[in-house]
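> My questions will all concern the structure given below.
The values are calculated or read from the model by the stated rules, or taken from the named source; none is laboratory data. Since the structure is predicted, the reported quantities are computational estimates derived from the model, not experimental observations. Here the Cβ positions follow ideal geometry from the backbone for every residue, glycine too, while neighbour counts run over all protein chains shown. Ligands, DNA and RNA are excluded from the accessible area calculation, which covers all protein heavy atoms including side chains. Shrake-Rupley method; radii C 1.70, N 1.55, O 1.52, S 1.80 Å.
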Amino acid sequence: MNFFSLGLARGIGAQIIGTAIGVAFMSIWRAALGMPVNEMEPAAVFGGAVGALAFMFGVGALTDWTRIAFGHAVAEHPAADPSQPTWARYFGVSLDHKVIGIQYGITSVLLLCLAGLFALIFRAELVETGLQFLSPDLYNTLMSLHGIVMIAAILTGVGAMSNYLVPLMIGASDMAFPRLNAFAFWVNIPGALLLLSSLFLGGFDTGWTGYPPLSARAPLGMQFFFMGVYIVGLSSILGGLNIIVTVLTMRAPGMTLFRMPIFVWAAFATALIQLTATQLIGLSFMMVMFQRLFGMGFFDPAKGGNVILFQHLFWFYSHPAVYVFILPGLGIISELLPVFARKPLFGYKWIALSSLAIALIGFFVWAHHMFTSGMEEYLRVPFMYSTLLVAVPTGVKFFSWIGTLWQGKISTPTPMLFVLGGIVVFLLGGLSGPPNGTVATDLQLHDTYWIVGHFHDTMFGGFVFPFFAAIYYWFPKMTGRRMNETLGKLHFYLMTPAFFVMTLGQMFVGLQGMRRRIADYDPAQGLSPTHLVVTVAAFLIATSVLVFLFNLVHSVKSGEVAAGNLWASRSPEWQIPSPAPEHNYAGRPFVVVGEPYDYGLPGAVYLQMGDAATPLPPGHAAAPAE
Amino acid sequence: MKHLIAVGILVALTTLGVAAGLRALPLAPIAASAQAGPIDALFGLHLQVIAFLFSLIIVFMLYSLVVFRRKPGDASDGKHIEGHTGIEVLWTIVPLGIVLYFAYLGAQTLAEIRRVDPQALQVKVTARQWAWTFEYPGDVTSGTLNLPVNRQVLLKITSKDVIHSFWVPEFRVKQDAVPGDKMVKDLVITPDRIGEYKVRCAEMCGTNHAYMEAPVAVMATAQFDAWLKQESETPTDPVARGRRWATKFGCIGCHTLDGSKSVGPSWQGVYGKTEEMADGSKVVVDDAYLIEAITQPAAKLVKGYGNLMPATIGADLTADQIQDLIALIRSLK
């Protein structure tokens, strides 16, 4: 098999060549115009942009659209190339939402590990006061990259869950726009490569928030951070659009909105935020890019610009983004609890609507990140009220989860353990929120490690734990095998206590006066012992993730075979064989006739599945609607 | 019903235990301002509610996990309960009331800690990479924030370059320092405990952010007045004047006076030395070089150091002030 038959290899090759061409072109052009050529930034940025576009051509994500534009026919839903081994299809453009979902998932796990590695490096530095082995600039770059690469990892993880699960759960054969789906995945790769290349281009020291004026004067790496985020954001917007259309138009007959599996509600609410808010972070970063490249003084006080304006634009996306990170995870928790408690989901409609409520309120709270920023003082109190309102729909979820567990018949295999762990961790994240949302107490807590602990709890409880639960739970659906239970439990019991120690330690040093994002801290504050404990806990978490990775790789080939409805779920995807057939329900159309979570009700039926002999019911989407 | 009674008792006990545990922990540095009282009180109230809600969810969850555990060999489902509208409304309305009450308390506390005393002492705070400068009435400039005890101080905070944030953990309040002509932000503090603290920059501001600290001294009023009087007289000694300008214009944020390494070359022992420049040339550090280095910082950079000095600093200084700075540098053997 030829190495360059893999789309990924072609894409990366094209990106390298494209970048070189872009840099050369812009340098020559600038030289021709008599502009200083030794100023690398314009040429480097242009090269980065051309390289990203070249990747998309090289990987083949634009091939079909190019052909269509020139009037050529393209295959409706091309089958995988039979000459290639099965694994190879994951390294090139596929239009199958399940392949794309797994591609997202692998990308997410790789980025999680990389961002975690950055954290381990600077956590080791923080064990003692003084600088041991990092320079302040390298510390700042690693800290900033940890944040943004984690965010890219979470966004791709969200893409993994939405893409793999939504069509399966609503009875569709694929997403509404399969080519757009492939494009939205692949654009993450050049985006992530641009982000990571910043490490070798002087780095950047602003944290993931990129506030000017600091970001306007940071090294060249800053521009690659901006470009990387811009491109990953494009994936979010297009992915969100695809999910919305898929959910609205491709549900199985009889599946009214309130009969959808609850995860679909969460994915839908998430997609609404992605489609409508992501533009603002792209815009705000683009404005700083242009300030640097063209001297447009948007945020330059010397040119009449306003630095606080940036923070409004940035947080208008970046707060709702937090709900992009957590809503799918909370959907996973709601999805799995009834299966392992053998009880209906308590208050289905309330949980479904609470996702929409969180998504909606999330748009009105952004300025709570700016209580100390120096924005108009009268804005602080209204934003405090709106912020604290988020607690209400979030509370509804917690209480409903408890209602689901109550009087169930609870079993705790690995996925359920991660669900329960996620609930407790997210509870700590949720409860540590209101003190920051209240202006008076936030004046003390803002920009301290208390905040660091708070958001690690929300991100782990809202994303990481549920993501692990989802992997353990749907792994048999993806591969036809199940992951090893003993190793899964080892992963859980190693990670969970270490995680509590880590975030509670972070909150504790924060209350003692430890500031966020500092490479070194004052010995007089007496923080070293707690920092040591936090670092040890971080390494334990990393160890548990190694156990997980081993289990994952090992189980793909050698896991116990699990072809049927392993968890005795009522959800549609478990009524077809594992691994799921290429066209999902082709030949097995179903009609929804009952409620999704009627566990414990004798004779209750959720769906009636036909077979090849039964004709498709009218309106059933068997072919991709494109 | 017996389950609910058992859980109710356990929730109450756990709440008391968690709340007592949180109270026993030293959760904040010493409080040293009048503003700290209301803020700490509100945070304490938050912690009590946190203790209750944490216990409520955790106890229900753990109790369910133990009592409603599936027995081995039991393949049947749990009880078919789809929900209960009354209880959903209840657990929407009650939290709504609680958060609105907390928002109200938060607004009350905010109003209380922002109350400005017309007699307040005004201090202008200027942040720059990576130093703090404090300017008092009577043209006194200091690198240490000296404050009289029990008198309110109104800080007028601004920045020369990027965003910084003024924070003294013992005072409990924080305000970003923002660059821009009209970006002067107010912060009210009433120090009420004599002692020494530190301003710690709380907003990421670049390479030396971690070290952007300045000493704070809260002292008796008489002591403060004496210090202010002494400082308001311009010293006759050029070295002392140079020291003052080095503080006022933030030079000491990057150039140490004691030979220790920082982002700019230390001034100790540098005068008369032959230094290697970034382009490999050798330069003797004399008056002419120092004047050039101050007025055109990028012209000749010492090897190993970046071009970080504000280009406009030469315009901010008078020729006499530059001479005073050179006198200071010359004196640092």
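> Over the Cα atoms, compute the radius of gyration (one decimal) and Dmax (the largest Cα-Cα distance, rounded to a whole number) for segment A:2-82, in Å.
Calculated on Cα positions, Rg and Dmax stand at 16.7, 54 Å.
> Counting alpha carbon pairs within less than 8 Å and at least 6 residues apart, what relative contact order, in whole percent, applies to chain A?
Contact order relative to length: 15 percent.
> Between A and B, buried accessible area summed over both sides at probe 1.4 Å, in Å² to the nearest 100?
Details: alone 24510 and 19460 Å², together 36260 Å².
Counting protein atoms only, the buried area is about 7700 Å².
> Another question, then. Counting only protein heavy atoms and using a 1.4 Å probe, what share of the accessible area of chain B belongs to carbon plus sulfur, as a whole percent?
60
> Right, something else. What ranking, highest mean first, results for peptides A:277-284, B:10-17, A:265-272 when packing means the other Cβ atoms within 10 Å averaged over each residue?
Listed from highest to lowest mean packing, they are A:265-272, A:277-284, B:10-17.
> Additional query: From the square roots a ≥ b ≥ c of the eigenvalues of the alpha-carbon gyration tensor of segment B:270-333, which class results: rounded (a/c under 1.5), prolate (a/b over b/c), or oblate?
oblate
> Additional query: Which whole number of Å³ per residue matches the convex hull of the alpha-carbon atoms in chain B?
227
> Counting only helical runs of four or more DSSP H residues, what would the 222 nm mean residue ellipticity of chain A come to if each run contributes -39,500 (n - 2.57) and the total is spread over all its residues?
So the calculated ellipticity at 222 nm is -21000 deg cm²/dmol.
> Here is a follow-up. Build a GNM of chain B with springs between Cα atoms under 10 Å: which of B:Pro235, B:Pro310, B:Pro95 gets the top mean-square fluctuation?
Taking springs between Cα atoms under 10 Å, the residue moving most is B:Pro95.
> Taking the simple approach of a point 7 Å from Cα along Cα-to-Cβ for both B:Ala41 and B:Ala278, what is their distance in nm?
Placing both labels 7 Å beyond Cα along the Cβ direction yields 5.5 nm.
> Just to verify a number: FRET efficiency for A:Val561 and A:Lys349, C-beta to C-beta distance, R0 = 60 Å, to 0.05?
Numbers: r = 38 Å, r/R0 = 0.64.
So the FRET efficiency works out to roughly 0.95.
> Could you check what % of the DSSP bridge pairs in segment B:121-231 are antiparallel, to the nearest 5? Before the final figure, lay out each step's value.
Working: 23 of 35 bridges.
Rounded to the nearest five, the antiparallel share is 65 percent.
> Using a 1.4 angstrom probe on protein heavy atoms only, which residues from segment A:413-446 are buried by at least 30 Å² of accessible area when all chains are present rather than their own chain alone?
For segment A:413-446, once contacts with the other chains are taken into account, A:Leu420, A:Val424, A:Leu427, A:Leu431, A:Pro435, A:Thr438, A:Ala440, A:Thr441, A:Leu443, A:Gln444 lose 30 Å² or more.
> Additional query: Work out the length of the dipole vector of chain A about its Cα centre, built from +1 on the beta-carbon of each Lys and Arg and -1 on the beta-carbon of each Asp and Glu, and round it to the nearest 20 debye. Could the numbers behind the result be given before it?
Details: 28 positive and 28 negative charges, 168 e Å.
Value, rounded to 20: 800 debye.
> Give the separation of the Cα centroids, segment A:47-92 to segment B:118-152, in Å.
When both Cα centres are located, 63 Å separates them.
> Is the shape of segment B:151-245 rounded, prolate or oblate, going by the alpha carbon gyration tensor and its root eigenvalues a ≥ b ≥ c, with a/c under 1.5 for rounded and a/b larger than b/c for prolate?
The shape class here is oblate.
> Peptide A:589-602: average number of partner chain Cβ atoms within 10 Å per residue?
Counting Cβ atoms of other protein chains within 10 Å of each residue's Cβ and averaging gives 2.
> Provide Rg over Rh for segment A:477-601; use the alpha carbon set for both Rg and the Kirkwood Rh (inverse mean inverse pair distance).
Rounded to two decimals, Rg/Rh equals 1.22.
> Using only the Cα atoms, what convex hull volume per residue in Å³ does segment A:417-523 have?
110
> Which parts of segment A:283-311 would a label at B:Asp181 reach, counting a residue when its backbone N lies under 11 Å from a point 7 Å out along Cα-to-Cβ?
A:302-305
> Okay, next question. Hey, what's the protein assembly as shown come to in accessible area per residue, 1.4 Å probe, Å²?
I get 38 Å² per residue for this part.
> If you don't mind, there's one more thing I want to ask. Using Cα positions and a limit of under 29 Å, work out the lysines in reach of B:Lys303, with same-chain residues fewer than 8 apart set aside.
Counting by Cα, and skipping residues close in sequence, B:Lys303 has these lysines nearby: B:Lys160, B:Lys248, B:Lys261, B:Lys273, B:Lys282, B:Lys333.
> What FRET efficiency do you get for B:His80 and A:Val591 if R0 is 30 Å and r is their Cβ-Cβ distance, rounded to the nearest 0.05?
E(calc), rounded to 0.05, equals 0.85.
> With a ≥ b ≥ c the root eigenvalues of the C-alpha gyration tensor of segment A:94-561, is it rounded (a/c under 1.5), prolate (a/b larger than b/c) or oblate?
rounded
> I would also like to ask the following. Suppose R0 equals 60 Å; then what is the FRET efficiency for B:Lys333 and A:Glu582 from their Cβ-Cβ distance, rounded to the nearest 0.05?
The formula returns an efficiency of 0.15 here.
> Let me ask you something else. Please give every one of the lysines within straight-line cross-link reach of A:Lys397, meaning a C-alpha to C-alpha distance under 29 Å, and leave out same-chain neighbours fewer than 8 residues apart.
A:Lys98, A:Lys343, A:Lys349, A:Lys409, A:Lys477, A:Lys489, B:Lys2, B:Lys71, B:Lys79
> At 222 nm, what value in deg cm²/dmol follows for chain B if DSSP H runs of at least 4 each add -39500 (n - 2.57) and the sum is divided by all its residues, to the nearest 500?
It comes out at -13500 deg cm²/dmol, rounded to the nearest 500.
> Just need the Rg to Rh number for the protein assembly as shown, please, alpha carbons only, Kirkwood Rh.
1.00
> For peptide B:68-77, compute the average count of partner chain beta-carbon atoms within 10 Å of each residue's beta-carbon.
Partner Cβ neighbours, averaged per residue: 5.
> Just grab the label-to-label distance for B:Ala311 and B:Leu13, each label 7 Å out from Cα along the Cβ direction, in nm (one decimal).
7.1
> Here is a follow-up. List the residue ranges in chain A for DSSP H helices whose C-alpha atoms run 24 angstrom or more along the long axis and whose Kyte-Doolittle average is -0.5 or above.
Values: long enough: A:7-32 (36 Å, 1.12); A:41-59 (27 Å, 1.53); A:97-125 (42 Å, 1.38); A:136-170 (51 Å, 1.22); A:221-249 (42 Å, 1.69); A:262-294 (47 Å, 1.53); A:307-341 (51 Å, 1.46); A:414-431 (25 Å, 2.21); A:485-512 (40 Å, 0.80); A:528-558 (45 Å, 1.48).
Helix filter hits for chain A: A:7-32, A:41-59, A:97-125, A:136-170, A:221-249, A:262-294, A:307-341, A:414-431, A:485-512, A:528-558.
> What whole number of Å gives the distance from the Cα centroid of segment A:475-541 to the Cα centroid of segment B:284-330?
Each part's Cα centre sits 47 Å from the other's.
> Under a crude label model (7 Å from the Cα following the beta-carbon direction), how far is B:Gln108 from A:Trp29 in nanometres?
Each label point lies 7 Å from its Cα, and together they span 6.3 nm.
> In chain B, which whole DSSP H runs stretch at least 24 Å along their own axis (Cα) and average 1.6 or higher on the Kyte-Doolittle scale?
B:36-67
> Then there is this: Inside 10 Å of the C-beta atoms of B:89-102, what's the mean count of C-beta atoms belonging to other chains? Show your work: numbers first, answer last.
Values: counts 1, 1, 10, 8, 1, 2, 10, 5, 1, 5, 12, 4, 1, 9.
Shielding by partners across B:89-102 averages 5.
> Below 10 angstrom from the Cβ of A:Ala562, what's the summed charge of the other residues (Lys, Arg +1; Asp, Glu -1)?
+2
> Summarise the accessible area of chain A (1.4 Å probe, protein heavy atoms) by the percent that is carbon and sulfur.
72
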